[in-house]
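Participant: Quick one: this structure, given as structure tokens, is what I'll be asking you about.
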Amino acid sequence: MSTAPIALGSRLELFVDRFLIDTLTGAALRMHEPRPAGMALRFDAPWELHFSGCITVIKDGDLYRMFYRGLPDASAGDGSDYESTCTAISVDGIHWAKPRLKLFPFKDHAETNIILAHAKPDSHNFSPFLDTRPGVPEAERYKAIAGTDKPGIHAYVSPDGIHWKKKVEHPVLTGPKSANDSIVFDSQNVAFWSQSEGCYVAYFRTWKGFKNWKEYGYRWVSRATSDDFVNWSAWQQMDCGDAPDEELYTQQTHPYFRAPHIYIALAARFWQGKKVISDAEAAEYKVEKAYFNDCSDGVLMSSRGGNRYDRTFLESFLRPGPGLRNWVSRTNYPALGVIPTGEGEMSMFAHRDYAQPSCHAYRFSLRTDGFVSVNAPYKGGELLTKAMTFTGSSLLLNMATSAAGSVKLEIQDAQGKPIPGFALEDAAELVGDMIEKHAAWKTGTDVSALAGRPVRLRFVMRDADLYSIRFA
């Protein structure tokens, strides 16, 4: 059966999955680990401390905002009045400061960075996003979901990310209705406006293989959709194909800022009962009691909508790293949001040193679009795409080579026959490290004569990485 060509248009495409790939010969997909970039923010205010977490990072114009839970004492349990929602701001996404607000005093502190308090249980996992829906009212530019299984998830709105109110008083997503229900909501649940699906989507914690509270299976993810952020569909469990069942404590699914039709999910993979740090070592680092019997890391998933995650890689994306402080329970959890932080650079965050006096948000950097690349070794390799149509007059490549390496591009017709003027022998040898490099042939860079026509792209590479492509 013939398959219709992909209508690529002029959108950016990443190689986080095999969506564009027909065949790889001598080449392979390579996941790139985030680079440690330093502490971003210490959770050291009296209302924050050891159990701060559930971090969200948002770029809004020239300003960056961070949101997170403040929790100095977890003994009262999830959803207690000890929890508050805090904020920090930055002009570059790298250096962060806590604003001095008078919204919610704490004990003898008249000014704090608390933006929501006494909203039991919603500060347990308050998770905002910047609403990109066309025509959204100014008073609702920011939205958030928050809550646990009882009474359920509430919807919040804000004009500025600082002043919040409930959109409606009743919960918009409700928790367990019976002893055998598998909805829990007890970690960071997320939502956003999906440009590609034309609706709001929410991803939240459920259980997979749940039987009862003695045989509860795996921490997992489900999702629901809404046209108005109030009325939500029945939830669907997410499907990871043939990937093994693993505990996914949080999933941080969100549209990638340069290609919003692709959702990036930076999930916290939880290894319950896998104890790495000894009792004596936990005492040395002042880890809170009962928070060093497990460990966790971060994994990379993606989605193009619907209830399917693609787990191209089962290996860890974010490892706990050297030392013992991050081999404890519920640390290394990635934050929600990947943001641009410099020319050719983007950043992600994670909370580190959980349940310890040194608890903080840590920044990691990646090359722009640099989650995954098509990699060819020194001896060479090839990528052949599926048939596609495009709009535009040139093709931009996000690519990097060694001094010995190169990338050459042949454009073929849908049947795999080289198009005259765009055959491999006509292609310019591309060398270097660039976020946007024009593909070129003897006649130049203009491909407008092929726009709208089904074509395949054949990349012949040597000691090179190809991260993304975009027609323009």
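Participant: Criterion first (crowded, with 20+ Cβ neighbours inside 10 Å, under 26 Å from VAL16 (Cβ atoms), in contact with a Gly (Cβ under 7 Å, 6 or more places away or on another chain) and assigned by TED's automatic domain parsing to the domain that holds ASP22) does ALA464 satisfy it?
Facilitator: yes
Participant: Within the set of pairs 6+ apart or on separate chains, which have a first residue in the range 446-472 that is touching a residue at least 12 places away in the same chain (Cβ under 8 Å), a second that is assigned to a helix (DSSP H, G or I) and of a type outside the set (Phe, Trp, Tyr), and C-beta atoms under 7 Å apart?
Facilitator: VAL460/LEU424
Participant: Determine, yes or no, whether GLU13 is closer than 19 Å to ARG470 by Cβ, touching a residue at least 24 places away in the same chain (Cβ under 8 Å), of a type in the set (D, E, K, R) and surrounded by 18 or more Cβ atoms within 10 Å (Cβ to Cβ).
Facilitator: On the way: closer than 19 Å to ARG470 by Cβ: yes; touching a residue at least 24 places away in the same chain (Cβ under 8 Å): yes; of a type in the set (D, E, K, R): yes; surrounded by 18 or more Cβ atoms within 10 Å (Cβ to Cβ): yes.
Taking the combined requirement at face value, the residue satisfies it.
Participant: For the range 45-82, name all the residues that are surrounded by fewer than 24 Cβ atoms within 10 Å (Cβ to Cβ), in a loop (DSSP other than H, G, I, E, B), of a type outside the set (A, V, I, L, M, F, W, C) and in contact (Cβ under 8 Å) with a residue 60 or more places away in the chain.
Facilitator: Scanning the range 45-82 gives PRO46, ASP78, GLY79.
Participant: Quick test for you: out of SER187, SER194, SER233, pick the one residue that is without any contact (Cβ under 8 Å) to a residue 12 or more places away in the chain and at negative phi. If you could, list the steps in order and put the result at the bottom.
Facilitator: Working: SER187 fails: without any contact (Cβ under 8 Å) to a residue 12 or more places away in the chain; SER194 fails: without any contact (Cβ under 8 Å) to a residue 12 or more places away in the chain.
Exactly one residue qualifies, and that residue is SER233.
Participant: Next question. Let me confirm something: among GLY344, GLY321, which residue is farther than 15 Å from PHE43 by Cβ, within 19 Å of the chain's Cα centre (by Cα) and in contact (Cβ under 8 Å) with a residue 60 or more places away in the chain? Write out each step before concluding.
Facilitator: Numbers: GLY321 fails: within 19 Å of the chain's Cα centre (by Cα).
From the options GLY344, GLY321, the qualifying one is GLY344.
Participant: Further question: Just give me the residues in the range 1-35 being of a type outside the set (A, V, I, L, M, F, W, C), more than 12 Å from LYS386 (Cβ to Cβ) and in a strand (DSSP E or B), in sequence order.
Facilitator: Within the range 1-35, GLY9, THR25, ARG30, ARG35 qualify.
Participant: Another question about this same structure. Can you tell me how many residues within the range 243-278 are in contact (Cβ under 8 Å) with a residue 24 or more places away in the chain and on the phi > 0 side of the Ramachandran plot?
Facilitator: Residues flagged as in contact (Cβ under 8 Å) with a residue 24 or more places away in the chain and on the phi > 0 side of the Ramachandran plot within the range 243-278 amount to 1.
The values are calculated or read from the model by the stated rules, or taken from the named source; none is laboratory data. Treat the numbers as computed from the prediction; the structure is a model and nothing was measured. Cβ: placed from backbone, ideal geometry, glycine included. Neighbour counts: every protein chain shown.
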